[in-house]
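The next block holds one structure in the form of C-alpha cells; read it before the comments.
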Amino acid sequence: MRPGSRELTVFLAALGFAAAAGLCGYLWRGWGGAILFVCMSAFAVGRVALWRVAASESLILGGGDWPAAFWNLGALLMDVICSPLEPLLSSPLRGILYSAMGARIGMGAMVCGKLVDPQLITVGRHAVIGEGALLMAHSIERGTVRLGPIVIEQGATVGARAVVMPGCRLGTGATLAACALLPRNTRIPAGETWGGIPARPLAGTQASMRPPA
C-alpha cells in the first residue's frame with residue numbers, strides 16, 4: 001500500500017536518527033561501533049513506535065493519521081530487528097526479545113512462535129506458545145487496521161502453527177490445538193480444548209464463545 005506523507009515523514013526522521021547514530025559509532029569504534037549503534041537506534045525507534053499505537057483500537061492506512069504512521073514504522077522495524085533473530089533464538093531468549101519490544105511474558109512461559117504487535121500481547125506464567133504459532137494482534141479490513149489485545153492466561157497452550165487473531169483470550173489451562181485458527185474477539189474458557197478452522201470446542205468440552213464484534 002502506498003505510504004502517505006506522514007508515514008514518509010516518520011520513516012525519514014527515523015532513518016536520519018539511525019544514520020546519525022551509525023556515524024557516531026563509526027567515529028568512536030569503527031565499523032563495529034557503527035553497526036552496533038544502528039541496531040540500537042533501530043530497536044529504540046521501533047519500541048517507541050510500537051508504544052505510540054498501543055492504546056489505539058483502529059488505524060487508517062495510507063496517510064490517515066500519525067498513529068498509523070508509527071504503526072507502519074514499528075511493523076517495519078520489528079521485521080528488521082526480530083525476523084533475522086527469531087530462528088537463532090531459543091524459547092527463553094525469544095521471550096526476552098519480545099518482552100523488550102513490549103510484550104508481557106510471565107515467568108516460566110515458553111514462547112516458540114511469533115508475536116506480532118507484541119505491545120498488545122500478554123502471555124501468562126507457564127503458558128506455551130508452540131513452534132510456528134502466530135499471535136497477531138491486528139487485522140486489516142479495507143485499509144483500516146483493527147487492533148485488539150491478545151491474552152494467553154496462566155498454563156494455557158497455543159499449539160504448533162495455530163493462529164490467534166486480535167481480541168482473543170485463552171483462559172487458565174485452556175488449549176488451542178495445533179494448526180487451529182481462533183477468530184477475532186473469541187474467548188476460550190478455562191480448561192477447555194478447541195481446534196479446527198475456525199476453532200470450536202472439541203468433544204468433551206463446554207461451548208462458550210463470544211461472537212466477533
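Here are the numbers for this structure:
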item	result
Unmet criterion (only one of (1) modelled with pLDDT under 90; (2) within 27 Å of I188 (Cβ to Cβ)) for D79	(2)
Number of the condition not met by E131 [criteria: (1) of a type in the set (D, E); (2) surrounded by fewer than 21 Cβ atoms within 10 Å (Cβ to Cβ); (3) under 21 Å from P198 (Cβ atoms)]	(3)
Residue in segment 185-199 that is in the same structural domain as A109 (by TED's automatic domain parsing), surrounded by fewer than 17 Cβ atoms within 10 Å (Cβ to Cβ), hydroxyl-bearing (S, T, Y) and modelled with pLDDT of 90 or more present	no
Given (1) among the small types (G, A, S); (2) surrounded by fewer than 16 Cβ atoms within 10 Å (Cβ to Cβ); (3) under 21 Å from G108 (Cβ atoms), index of the condition A203 fails	(3)
Lone unmet requirement of (1) crowded, with 21+ Cβ neighbours inside 10 Å; (2) closer than 17 Å to R94 by Cβ for H126	(1)
Residues that are of a type in the set (K, R) and surrounded by 19 or more Cβ atoms within 10 Å (Cβ to Cβ), drawn from segment 157-178	R169
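The values are calculated or read from the model by the stated rules, or taken from the named source; none is laboratory data. Bear in mind that the values here come from a model prediction, so they are computed numbers and not experimental data. Heads up, the Cβs are rebuilt from the backbone with ideal geometry, glycines too, and the neighbour counts pull from every protein chain shown.
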